[in-house]
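To start, the structure itself, in structure tokens.
What follows is calculated from the coordinates using simple rules that are stated; it is not laboratory data. Here the structure is a predicted model, which is why all the values come from computation and not from measurement. Backbone-built Cβ (ideal geometry, glycine too); neighbour counts: all protein chains shown.
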Amino acid sequence: MKKTLPAWADVVLIPAINVFLAFFVAGLVVIFIGEDPIRAMQIMINGSLGSSYGFGYTLYYATSFVFTGLAVAVAFHASIFNIGGEGQAGVAGIGVAIVCLSLDQTHWLLTLPLAVIAAAMFGAAWAAIPAYLQAKRGSHIVITTIMFNYIAAALLVYVLNQVFKVPGSMSPESRRFGEGAQIPRLDQMADWIGIELSRSPANISVFLALLAAFGVWVLIWRTRLGYEIRAFGFSDKAAVYAGISPVRIIMITMLISGALAGLMAINTVMGDLRRLNLDSVLGAGFVGIAVALMGRSHPVGVILAALLFGVLYQGGAELAFEIPAIPSQMILTIQALVILFTGSLENMVRFPVERLFLRFNRGRA
Amino acid sequence: MDLAELFQLFDSTMRNATPLLLACLAGLFSERAGIFDIGLEGKMLAAAFASAGVAAWAAAPYVADPFPGQISGLGLGWTAAWLGVMAGIAASMAMALLHGFASITLRGNQLISGVAINFLAAGVTVLVGEALFSMGGQTPQLTGGARFIGLTLPLADTIGAIPVIGPFYRDVLSGQVILVYIALLMVPLTAWILFSTRFGLRLRAVGENPGAVDTAGISVTRQRYAAVLICGVLCGLAGAYLSMGTSAAGFVKDMTAGRGFIALAALIFAKWKPYPALWACLLFGLLEAIGSKYQNVDVGAFVIPVQFMQALPYILTVVILAGFIGKATPPKAGGQPYVKER
């Protein structure tokens, strides 16, 4: 395969054009609705970055998206499309709740690591069955993970109603976690060192997310396993020829992917809701797809894209409040456009850019 | 459970199965031509919105001289509903074209395109709905000519007097809206197109071995676009049924509620064949009917929770995909963009 593009064009130029196109079309939608896109943008940026309160929410959303984005990204490196982050994170919430409900008489320093392990294990377990079926039986993992999202949703409702529901209560949710399962929020942590921040749900999981991103970088680019994952993703036939076991790679990659998606539950269930209910994931698993595509499956890109989506989610909520004519579904639309332009329509920009570079290089030679 | 109750269950099975069947056949055309389509859900949703919106507008009274801000309808009678169906099909086909452009012309990832289409429909329907009707993303309630009502089949009451099969004819087969019968007719039609026409042979061929079709001098691109557009038409009918043929009588946000994925499940369950698709959709429709009629099913020794009934279509699909009960083999060239050799 001949390289027609310099690295910077591939990594920066094309994604930038694609994201610009996505937002341009989103702006057209706003104009069509009869509102001012520039004003809408100002409200969004102000609402998400303009105050420590808004920024706290932005960080809180971004934390979840880093986890789900990394989950999709790791699988992408092995050319596996894990669309099941939503279900994996949902099931991981059950694991987090079990740990929190049984240990909330102790201290969060003990509960947190155990909850992290539980979240990762439950998430990985929910990814394991589709992974096994893909690796051993050749069942298409995209379809099985979609199916597992729905099965997870049903399971969650069942568990909430039959196991966790407080006797006498009508709402399908667990009891509130006690002191020992409440991890510190960022504003509380800032308070320790004497900085005053407004209260927001951003919590210690932010650091866990950064740690996870660093871990993924080490795994993919600095370990033998990561090399095998990338080799398998590039060409499964060549990988088999090189002695790499497809079953092993598919299983390990999906377990890691599921565990990463599962960690999201720490941020939402333990960090904000402090109980298990039906609101622990709310589509964040799907946002991970957009984040991974936009971030080009690189941890740094994923963090940046997750922040952008954090801005969109928090800013979008403010926007819906300020201009009721632009409901929060605007975010869903932007998300769709980002997936469309950076994902499936990528070649619409890539082909002409490649041609341009080819002509330019020929002119110089 | 007496007979009347059973037939009531079958009646709702028919109604539940109709959108599934239309979407399932839509997916059948697309996937048999080698284009994976996980965007059935989005196309259905867009169609449900467009058809309900246009039907409501077409049936609204005509105002010759509207004051500023007032929108005049068309004042149509029963044709309003059909205008709605047309709009639904058009919206669904527009999305199908987008999917085709991404996956055929640009050779992009078909799965990612499908995901994008689902989100796009979920977002845009509410945005546009809010802008047009300001009802929180809903369309106005459809009344009169703007919605479909049940048709009484000939001799329903005469035949209904016959024991057992009579009430079945009267209560289950008769009294459905016309789109239900269209959906049922689509099954033999699909089977005939796919397996008895030259078009169908070529369509299946581009899904199995596009290179061979290309060698024979037939355009793979054109064939695949045709399949994707047919998929759009059928998804349009499915969406129109949801918003105009059911008791919802209007569009509500996210009203497809995962039906696109159940249709996808049915497609796999049916191993990409039209008649099995009918049975799969009826089965999943029955499961939905049982799930909504009885909360928890008591089978004596233990109680089957309603959540299990809801999850059953998905569990069955996974089992089928795993190949433990008969192997489901998708079309060989599915999901791969065709690159002409140079």
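A few remarks follow.
- Over all other residues within a Cβ to Cβ distance under 15 Å of A:T223, the charged ones net out to +3, with Lys and Arg as +1 and Asp and Glu as -1.
- 3J(HN,Hα) couplings calculated from phi for region B:2-10 with the Karplus curve 6.51 cos²θ - 1.76 cosθ + 1.60 (θ = phi - 60°) are, in sequence order, 8, 4, 4, 5, 4, 5, 4, 5, 5 Hz; Gly and Pro show x.
- Note on chain A: GNM, Cα springs under 10 Å; of A:A118, A:A154, A:A92, the largest mean-square fluctuation is that of A:A154.
- Shape call, chain B: gyration tensor on alpha carbons, a/c limit 1.5: oblate
- Close amide H pairs (under 5 Å, H built 1.01 Å from N) link A:N203 with A:L186, residues at least 5 positions away or on another chain.
- The calculated P(r) of chain A, using every Cα pair and 20 Å bins from 0, goes 28, 56, 16, 1 in percent.
- Taking 0.36 nm per residue of separation and subtracting the current Cα-Cα distance, fully stretching the chain between B:W192 and B:Q336 would add 49.2 nm.
- Solvent-free Debye scattering, log10 I(q)/I(0), computed from the Cα coordinates of region A:31-165 at q = 0.12, 0.18 Å⁻¹: -0.68, -1.05
- In this structure, the pairs whose alpha-carbon distance is over 23 Å, taken from A:K136/B:K332; A:K237/B:K271; B:K271/B:K332; B:K273/B:K332; A:K136/B:K271; A:K136/B:K43, are A:K237/B:K271; A:K136/B:K43.
- Whole-number percent relative contact order across chain A, with pairs defined as alpha carbons under 8 Å at least 6 apart: 34
- Sites A:T223 and B:L151 - FRET efficiency at Förster radius 60 Å, r taken between beta-carbons, to 0.05: 0.35
- Total formal charge among the other residues, if their Cβ is under 11 angstrom from that of A:A40, Lys/Arg +1 and Asp/Glu -1: -3
- Cα shape, region A:253-335, gyration tensor, a/c 1.5 rule: oblate
- Per residue of peptide A:127-140, the mean number of Cβ atoms on other chains within 10 Å of the residue Cβ is 3.
- In this structure, B:T221 and B:A64 have a Cβ-Cβ separation that, at R0 = 51 Å, corresponds to a calculated FRET efficiency of about 0.60.
- Other protein chain Cβ atoms within 10 Å, averaged over every residue that makes up A:343-352: 6
- In plain terms, the residue of B:S134, B:S247 with the fewest other Cβ atoms within 10 Å comes first and the most crowded comes last, giving B:S247, B:S134.
- Taking max minus min of the alpha-carbon positions on each principal axis, the protein assembly as shown gives extents of 84, 76, 65 Å, largest first.
- Separation between Cα centres of region A:200-271 and region B:74-93, rounded to whole Å: 49
- Ascending count of other beta-carbon atoms within 10 Å, so fewest first, for A:M41, B:M186: A:M41, B:M186
- Dipole check for chain A: with +1 at the C-beta of Lys and Arg, -1 at the C-beta of Asp and Glu, and the Cα centre as origin, the magnitude is about 1440 Debye.
- Residue order, fewest to most surrounding Cβ atoms within 10 angstrom, among A:L293, A:L156, A:L210: A:L210, A:L156, A:L293
- A protection proxy built from the mean count of other Cβ atoms within 10 Å ranks the segments A:180-186, B:146-152, most packed first, as A:180-186, B:146-152.
- Part-to-part distance (alpha-carbon centres) for region B:220-281 and region A:27-89, which is given in Å: 30
- Long-range amide H partners of B:L153 with built H, under 5 Å: B:G175
- Under Karplus coefficients 6.51, -1.76 and 1.60, residue-wise ³J(HN,Hα) of region A:270-275 in Hz, glycine/proline x: 7, x, 10, 5, 6, 6
- Calculated mean residue ellipticity at 222 nm for chain A: -23500 deg cm²/dmol, from DSSP H runs with n ≥ 4 weighted as -39500 (n - 2.57), summed, divided by the residue count and rounded to 500.
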